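> Before we start, here is the structure in question, set down as structure tokens.
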Amino acid sequence: MADMPSVEEFQAEAKRFLDANTELRDKDEKPFVWGEGDDDVSLFEEIDRTVEIELLAEAKAWRAKRFDAGFGWITGPSAFGGRELTSAHDRAYQSLEAKYVTPGGGFFGIGLGMVAPTILAHATEPVKEAYLAKMYRGDIVGCQLFSEPGAGSDLASLQTKAERDGDEWIVTGQKVWTSGAHYSDIGEIICRTDSDLPKHKGLTGFVVDMHAPGVEIRPLRQMTGGASFNEVFFNEVRVPDDHRLGDVNQGWTVALTTLMNERASIGAGTGGGMGLASVTRLAELCRHFDVIDDPIVRQKMMDVYINFQVSRYTNQRAMDRIKRGQLPGPEMSIAKLSLTNNLWRTANFVADVLGPRITADTGEWGTYAWGGLLLGVPGMKVAGGTDEVMKNIVGERVLGLPKEPGIDSTSPFRDLKVGTQTS
């Protein structure tokens, strides 16, 4: 592009926009001191849904302001409101905005990280024109409708069906574990469109209106106390054929596009997952409870730290490949698996140090709040593909190991033999 600004020129433009519309964060970054500030260590804090809607309105207003100023989709095509600039320009803006006080963008993570890239890659032109600019402007929010009660990690076994009726499809079935469905406007759904084909080949993807007649959303209460997940029921919901993603019965390819972007978002979006569980905070926790000199505790704490750093560097290599224009690959399963392992390692370490304080609220600062992490990690081990499935993907597609043996479903279990049976 002949008139593409340099990264430095673009940063100057972005700084003028940010200075005019928000304020810098406190430059005086104070060191962490045990007992000072809010006890907000929970990495899985659930927000009340009433408060959530208020925060969503603030986040939408900020995204609209960003988009209108030319910073909403920096690398995107101009036909859909993008600037068609480079990943370097995008990184420069994100780095700069992090220094300013702005509303959180978590509401848009699934829509922009998973659904929008799939629409761009597989949707019809009318769908791209109808949704992409609005998604990046924050006018609408997207969710992902893949998992079902009987088809979670084995996505190809899903049973939600879509039957053709002229220029429309009639969708009937149930989805589960849908994050953000209660505030989403559209959803990417994968349905079974041909039951006679092998399970991977009879699927088709669609973009569905989450406000359409026949869509029912129910919250799923988790052991964290929150309900960020939902189950969604579709009772003869009509979807126009031009809202189809890709060709009929080619939905597995569409799903893979989304899943790879999903694992990229989950695994790398946290910078390795360290977050509030920084080594400084963990060290101060140990110091406060007088176990900082215990060699076993010190070894476990450094094990947590080292694994987060290895994950961060591995993720950076993978993200650099994506920024060079390459599609996310099976290495993103490593990122997702590393994240959940690191969070689980952290939760167990903190539980060892705190003992009963992590489950009994004594009112003591910096203790019971960690319970959100301990209770939330099992959900992370399922979200975006279970740990077991991630290990299979890494083993087969990264390490080149043989495919896991299947089960002969035509033989009764009692007739299956392993090895040689002797009397």
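> If a residue must be within 20 Å of Gly37 (Cβ to Cβ) and free of Cβ contacts under 8 Å to residues at least 24 places away in the same chain, how many such residues does region 345-368 contain?
Count: 8.
> Let me ask you something else. Just a yes or no: is a residue in region 148-161 in contact with an Asp or Glu (Cβ under 9 Å, 6 or more places away or on another chain), without any contact (Cβ under 8 Å) to a residue 40 or more places away in the chain, under 21 Å from Asp247 (Cα atoms) and assigned to a loop (DSSP other than H, G, I, E, B)?
Yes, that holds for at least one residue.
> Might you check whether a residue that is within 25 Å of Ile217 (Cα to Cα), among the aromatic types (Phe, Trp, Tyr) and touching a Ser or Thr at 6+ places or on another chain (Cβ under 9 Å) occurs anywhere in region 127-146?
Yes: one or more hits.
> Separate question: Restricting attention to region 356-391, report how many residues are within 18 Å of Leu339 (Cβ to Cβ), β-branched (Val, Ile, Thr) and touching a Phe, Trp or Tyr at 6+ places or on another chain (Cβ under 9 Å).
Residues flagged as within 18 Å of Leu339 (Cβ to Cβ), β-branched (Val, Ile, Thr) and touching a Phe, Trp or Tyr at 6+ places or on another chain (Cβ under 9 Å) within region 356-391 amount to 2.
> Any residue that is surrounded by fewer than 19 Cβ atoms within 10 Å (Cβ to Cβ), small (Gly, Ala, Ser) and touching a Phe, Trp or Tyr at 6+ places or on another chain (Cβ under 8 Å) - is there at least one of those in region 151-158?
yes
> Condition first: under 20 Å from Thr253 (Cβ atoms), among the hydroxyl-bearing types (Ser, Thr, Tyr) and in a strand (DSSP E or B). Can you find one or more residues in region 195-204 that meet it?
Yes: region 195-204 contains one or more residues that are under 20 Å from Thr253 (Cβ atoms), among the hydroxyl-bearing types (Ser, Thr, Tyr) and in a strand (DSSP E or B).
> Continuing with this model, one more query. Kindly check whether there is at least one residue in region 40-51 that is more than 20 Å from Gly180 (Cβ to Cβ) and at pLDDT below 80.
The answer is yes, given that some residue of region 40-51 is more than 20 Å from Gly180 (Cβ to Cβ) and at pLDDT below 80.
> Now for a separate question. Restricting to region 91-112, give me the number of residues that are more than 11 Å from Met135 (Cβ to Cβ), assigned to a helix (DSSP H, G or I) and either without any contact (Cβ under 8 Å) to a residue 60 or more places away in the chain or not acidic (Asp, Glu) (or both).
Residues flagged as more than 11 Å from Met135 (Cβ to Cβ), assigned to a helix (DSSP H, G or I) and either without any contact (Cβ under 8 Å) to a residue 60 or more places away in the chain or not acidic (Asp, Glu) (or both) within region 91-112 amount to 9.
> Oh, and also: When you go through (1) surrounded by fewer than 10 Cβ atoms within 10 Å (Cβ to Cβ); (2) of a type in the set (Lys, Arg); (3) at pLDDT 60 or above one by one for Arg397, which number turns out not to apply?
Here Arg397 meets the rest and fails (1).
> Do you know which residues across region 221-240 are surrounded by 13 or more Cβ atoms within 10 Å (Cβ to Cβ) and farther than 16 Å from Glu52 by Cα?
Gln222, Thr224, Glu231, Val232, Phe233, Phe234, Asn235, Val237, Arg238, Val239, Pro240, listed by residue number.
> Here's a follow-up. Would you pick out the residues in region 319-349 that are hydrophobic (A, V, I, L, M, F, W, C) and at pLDDT 70 or above?
Quick first cut of region 319-349, residues hydrophobic (A, V, I, L, M, F, W, C) only: 319, 322, 327, 332, 334-335, 337, 339, 343-344, 347, 349.
Passing the criteria: Met332, Ile334, Ala335, Leu337, Leu339, Leu343, Trp344, Ala347, Phe349.
> Report yes if Gly70 is closer than 20 Å to Arg16 by Cα, part of a loop (DSSP other than H, G, I, E, B) and without any contact (Cβ under 8 Å) to a residue 60 or more places away in the chain, otherwise no.
For Gly70, the condition - closer than 20 Å to Arg16 by Cα, part of a loop (DSSP other than H, G, I, E, B) and without any contact (Cβ under 8 Å) to a residue 60 or more places away in the chain - is met.
The values are calculated or read from the model by the stated rules, or taken from the named source; none is laboratory data. What you are looking at is a predicted structure, and each value in this text was computed from that prediction instead of being measured. As a convention, Cβ positions derive from the backbone with ideal geometry for all residues, glycine included, and neighbour counts pool all protein chains shown.
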